[in-house]
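The values are calculated or read from the model by the stated rules, or taken from the named source; none is laboratory data. Quick caveat, the model's predicted, so the values are computed rather than measured. Every residue, glycine as well, gets a Cβ built from its backbone with ideal geometry; the counts of neighbours run over all protein chains shown.
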Amino acid sequence: MDITPTVWIITIAVTIAFFIYEFFAHVRKPHEPSIGESARWSAFYIGLALIFGVVIGIVWGWDFGGEYYAGYLTEKALSIDNLFVFLIVMTGFAVPKIYQQKVLMIGIVIALIMRGAFIAVGAALIENFSWIFYIFGALLLFLAYRQAFSHGDSDPANGKFMTFVRRHLPVSDEYNGDKLTVKKDGRRFVTPMLLVIVAIGFVDLIFAVDSIPAIYGLTEEAYIVFVANAFALMGLRQLYFLIGGLLERLVYLAQGLAVILAFIGVKLVFHALHVNELPFINGGEPLLWVPEIPIWLSLLFIAGTITVATIASLIKTRNDREAKDREQIEGEPVIAAKDESRGS
């Protein structure tokens, strides 16, 4: 895939322009977005991402187009999981809804910057060390295990990192608009808003570790990695307000992502064996009999896993809600009977 410096510059410039527009058009003035506004912009960004995949397919070939779509789906799913943690952070800090847009915007920009750095490092490592695929594969398998069995066990707003920050910074007890610091009695305090942004940045760092090895398991093209991440993050702010209530219903999202990460981890290990240069494995020779998982299979697997996890989550939450309603209905006659006996 031949990407000229001009294409890189234009892509990065357009990405920055989108975020600048987002800030001045939607975030600068604090407000809670309506469902209609969120739906329109979410549809716009998703549509734009899908169209860009067609452009990649036409200009550079559909193998790269398939890699882009697989990467975009994976990054979008991971970004939605990221939103769930953002929700926990903002709930933990009791961020007023009118300021949540700004927090999300800053968090998304931090995420893109961190992922950009990881993309550059990952590209350099892959270019020079084929054995890095073993490391990425093992890391993803570990992350898949953690995602499946440790999801939701910690609260980023009250974790060790934030405890350390609170201990070393003077923190005010209440928000002061969207200001990051406030002066009281001649002393400068940081507001909870700054703590939220620090927590979001810390979460972004953790998710970047998940995200970049995962997509490098689907493509070795740094350009595809970047644009897939950029499009996955675009519209994430609107998606937060659009599916805020739905996030809590996606009870199997963590397990679905764990399956995807494990699949990509295995794919990376297979690829590492296929291009092996480590002397203690097969004498430093590639294991050509090891299958290479084609991108079309990866795309189908990722899309299928996300679909199954979503449907299973919605079915479970619906069944749980119906069971709870039945318990309440069945319990009402008992309560009524007790009230009657007391009255008599």
Odd one out for ILE132, checked against (1) over 30 Å from GLY47 (Cβ atoms); (2) crowded, with 20+ Cβ neighbours inside 10 Å: (2)
Apart from one, (1) more than 28 Å from ALA94 (Cβ to Cβ); (2) in a helix (DSSP H, G or I) all hold for LEU218; the odd one out is (2)
Could you count how many residues in the stretch 96-121 are at pLDDT 85 or above and over 18 Å from the mean Cα position of the chain (by Cα)? 2
So is LEU112 assigned to a helix (DSSP H, G or I), more than 21 Å from LEU300 (Cα to Cα) and in contact with a Leu (Cβ under 6 Å, 6 or more places away or on another chain) or not? yes
Residues being at pLDDT below 80, in a helix (DSSP H, G or I) and within 16 Å of TYR240 (Cβ to Cβ) - total across the stretch 13-35: 3
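Here is a yes/no grid of residues against (1) at pLDDT 85 or above; (2) not in a helix (DSSP H, G or I):
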position	(1), (2)
TYR240	no, no
ARG249	no, yes
ALA258	yes, no
PHE263	yes, no
VAL266	yes, no
VAL269	yes, no
LEU287	yes, yes
TRP296	no, no
LEU300	yes, no
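In the stretch 156-173, is there at least one residue being at pLDDT 80 or above, surrounded by fewer than 14 Cβ atoms within 10 Å (Cβ to Cβ) and in a helix (DSSP H, G or I)?
Step one: filter the stretch 156-173 for residues at pLDDT 80 or above, giving none.
There is no residue in the stretch 156-173 that is at pLDDT 80 or above, surrounded by fewer than 14 Cβ atoms within 10 Å (Cβ to Cβ) and in a helix (DSSP H, G or I).
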Which ones in the stretch 1-12 are in a loop (DSSP other than H, G, I, E, B), out of contact with any helix residue (DSSP H, G or I) (no Cβ under 7 Å at 6 or more places or on another chain) and either closer than 28 Å to LEU239 by Cα or not charged (D, E, K, R) (or both)? THR4
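Looking at the stretch 221-238, which of the residues that are small (Gly, Ala, Ser) and in a helix (DSSP H, G or I) is farthest from PHE44 (Cα to Cα)?
In the first step, residues of the stretch 221-238 are kept if they are small (Gly, Ala, Ser); the result is 222, 228, 230, 232, 235.
Those still in the list that are in a helix (DSSP H, G or I) too: 222, 228, 230, 232.
Details: ALA222: 25, ALA228: 16, ALA230: 14, ALA232: 12 Å.
Taking the candidates together, the pick is ALA222.
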